[in-house]
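These notes concern the structure reproduced below.
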Amino acid sequence: MNNKSYLVIRAHFFNPLDKSHWEDIPDGALCYDEDGRITAFGTSEEVLKKFPLGRYCELIDYSDYFIIPAFVDVHLHAPQFNCRGFYSDNLLEWLDNFIFAEEEKFAGSAYASNIATELYKGMVSYGIGTASIYGSVHPNATDILLSKGAKTPMKLAIGKVMMDRTDYETTEESINQSLELYNKWDGKNGGRIKYSFTPRFAPACTEKLLKEVGRIVSRNKALCQTHLSETIGELELVKKMFPDYGSYTEVYSRNNLLQKGSIVAHGIHLTDEEYVILKDSGCGVAHCPDSNMFLHSGRMNITKMFENDIRIGLGSDIGAGSTLSPFNSMKMMIYSHGISDITPEMAFYFATLGGAEIIGFGDITGNFKVGKDADFIVVRKPKKVPHNNNYTRQVLSHLIFCNGEHHIKAVYLKGERVY
Ligand SMILES: [Zn+2]
């Protein structure tokens, strides 16, 4: 050991490794240094041998608690934070009735600033340490969102919405404003802040804009987020607006928007060819089951996603999603699919490491691998869960189905207690 100081956290740890593998360590420990970087993880015996307690190495004893990695929300809209639960029976009407008017309020910095503060406060209270976030069409409001995010230990991919087929902006304005924000913010906070180019969805964008964004993101390996095949009505619109393309997915792939680091939200109504395009591109899909049920959009075909090895992560899709709670997203995910398709352990993977990997933060968060940020949630163990060999699965299940957010005792991001 050198002169650095360390903290050792002792608890019952659940650590997702991939969709079907995880570590369950009842007497575990996590050690991290003063920079919030994990230096050891395993049984408490192993960790304490490597990092014995003493001067410069202190213990925080959470032995009676359960610890999971901090959550990742792969798709949410900051300017829709105040629109949760506004009823409409389909996406396009909902956008026209409520969303465009609410997003207009972000032309003013004061409103944008307040919502950014409220959003980040809400996120940490649910244990969310990482997210991919849509801003509004306004560069000022998006700059505020990025600047407030950069003052936190969160890992954030954020972009100004691009929608040049509307009166809000021209193609040139959209590109120039986005590039300016990209140059100012991408890679800040030691790579914890990334700029994500954000064409709203194909119907709001011209082909010229999509082409230009595709050129920028493929040349710079920059992040990109958009929506894909959320509803049938949207699909019809895309067919009319882009008659030269074979499918909705092709509108993005032929314009080079799909690559590793790109996230398309929803991906519900897809043909077999489109699953193959998604797989070959290496992009990720944001699965937002709460939002899909709320807007009656349809149900993602998770079997096809798995068969095609398409990477997915969980998103709240605020404001069509009703809550930031990842516990709710996991519950809706399990409800949306067939028996045993999604176990509690798998749901936790998609809400943590799976999500981190598709945003491009998989090397710094999502689980307790040495070298990553110490991002974790301390959870009170549900008292009613019987102590048998299925104990951990039942704890995870109880948290998912019985509003796990009420069990959160503390949230740490990059080793700092933030909640
Ligand atoms: Zn969305």
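A few points about this structure:
- Of the strands (runs of 3 or more DSSP E) lying entirely inside segment 7-79, those carrying at least 1 residues that are without any contact (Cβ under 8 Å) to a residue 12 or more places away in the chain and more than 16 Å from the ligand (Cβ to nearest atom) are 21-33.
- Output for segment 119-146, where each listed residue is within 18 Å of L413 (Cβ to Cβ) and assigned to a helix (DSSP H, G or I): L119, Y120, K121, G122, M123, V124, S125, L145, L146
- You will find that of T166, T171, the residue that is surrounded by fewer than 24 Cβ atoms within 10 Å (Cβ to Cβ) and touching an Asp or Glu at 6+ places or on another chain (Cβ under 6 Å) is T171 and no other.
- So A29, is it outside the structural domain of Y391 (by TED's automatic domain parsing), modelled with pLDDT of 95 or more and in contact with a Lys or Arg (Cβ under 6 Å, 6 or more places away or on another chain): no
- Residue count for segment 132-157, restricted to those that are farther than 24 Å from H227 by Cα and of a type in the set (D, E, K, R): 2.
A quick yes/no check of all residues on (1) of a type outside the set (V, I, T); (2) in contact with a strand residue (DSSP E or B) (Cβ under 9 Å, 6 or more places away or on another chain); (3) within 30 Å of F98 (Cβ to Cβ); (4) within 16 Å of the ligand (Cβ to nearest atom):
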site	(1), (2), (3), (4)
D244	yes, no, no, no
E250	yes, no, no, no
R254	yes, no, no, no
L258	yes, yes, yes, no
G261	yes, yes, no, no
G267	yes, yes, yes, yes
E273	yes, no, no, no
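- F100, sole failed condition from (1) buried (at least 21 other Cβ atoms within 10 Å of the Cβ); (2) out of contact with any helix residue (DSSP H, G or I) (no Cβ under 6 Å at 6 or more places or on another chain); (3) not in a strand (DSSP E or B): (1)
- The numbered conditions (1) buried (at least 18 other Cβ atoms within 10 Å of the Cβ); (2) at pLDDT below 95 are all true for V238 except (2).
- When we screen G338, G284 for residues that are within 15 Å of the ligand (Cβ to nearest atom) and of a type in the set (G, A, S), the only hit is G284.
- Subset of segment 284-309 that is free of Cβ contacts under 8 Å to residues at least 40 places away in the same chain and in a loop (DSSP other than H, G, I, E, B) - its residue that is farthest from I400 (Cα to Cα): N308
- Among the residues making up segment 378-401, a single one is modelled with pLDDT of 95 or more and either assigned to a loop (DSSP other than H, G, I, E, B) or touching a Leu at 6+ places or on another chain (Cβ under 7 Å) (or both): V379.
- For L92, the test of being surrounded by 15 or more Cβ atoms within 10 Å (Cβ to Cβ), of a type in the set (A, V, I, L, M, F, W, C), within 16 Å of the ligand (Cβ to nearest atom) and not in a loop (DSSP other than H, G, I, E, B) is passed.
- Counting residues in segment 327-344 that are acidic (D, E) and either crowded, with 24+ Cβ neighbours inside 10 Å or closer than 30 Å to S196 by Cα (or both) gives zero.
- Residue list for segment 310-347, restricted to those being among the hydroxyl-bearing types (S, T, Y), assigned to a loop (DSSP other than H, G, I, E, B) and under 16 Å from the mean Cα position of the chain (by Cα): S316, S322, T323, S325
The values are calculated or read from the model by the stated rules, or taken from the named source; none is laboratory data. Everything numeric in this text was worked out from a predicted model, so none of it was measured. Positions of Cβ are backbone-derived with ideal geometry, glycine not excepted, and every protein chain shown enters the neighbour counts.
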